[in-house]
1. Within the bounds of segment 44-62, is there any residue that is in a helix (DSSP H, G or I), surrounded by 10 or more Cβ atoms within 10 Å (Cβ to Cβ) and more than 33 Å from the chain's Cα centre (by Cα)?
2. Could you tell me whether segment 30-42 includes any residue that is touching a helix residue (DSSP H, G or I) at 6+ places or on another chain (Cβ under 9 Å), of a type in the set (A, V, I, L, M) and in a helix (DSSP H, G or I)?
Amino acid sequence: MNATVVRYLLGGAVLGQVVPRILTSDAAKRCYVKGIAAGMRAKSAYLDLVEQARAEVGDMVAEATFINTKAAEASEAE
């Protein structure tokens, strides 16, 4: 066998043993939790922004409805 192939096989075996331990370590889990918490904060900020936009659009629609109602009343009065 070629020396390069042997190195790849040994490297793969070592990684196969080490990587699962690294991914399930306490430090990795803390990192995952922090990432999830940041995602939850981003989602909350996005939802707040969407709610504010909905409220503003609702106000504009209400004002436009009021204007149209007044215009309709004025045209009926003529």
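1. Looking through segment 44-62, none of the residues is in a helix (DSSP H, G or I), surrounded by 10 or more Cβ atoms within 10 Å (Cβ to Cβ) and more than 33 Å from the chain's Cα centre (by Cα).
2. No; the residues of segment 30-42 include none that is touching a helix residue (DSSP H, G or I) at 6+ places or on another chain (Cβ under 9 Å), of a type in the set (A, V, I, L, M) and in a helix (DSSP H, G or I).
Any read-out appearing in this document is the output of simple, stated calculations on the displayed coordinates, not a laboratory observation. Because the structure is predicted, anything quoted here is derived from the model rather than measured. With ideal geometry, Cβ positions are generated from the backbone for all residues, glycine too; neighbour counts draw on all protein chains shown.
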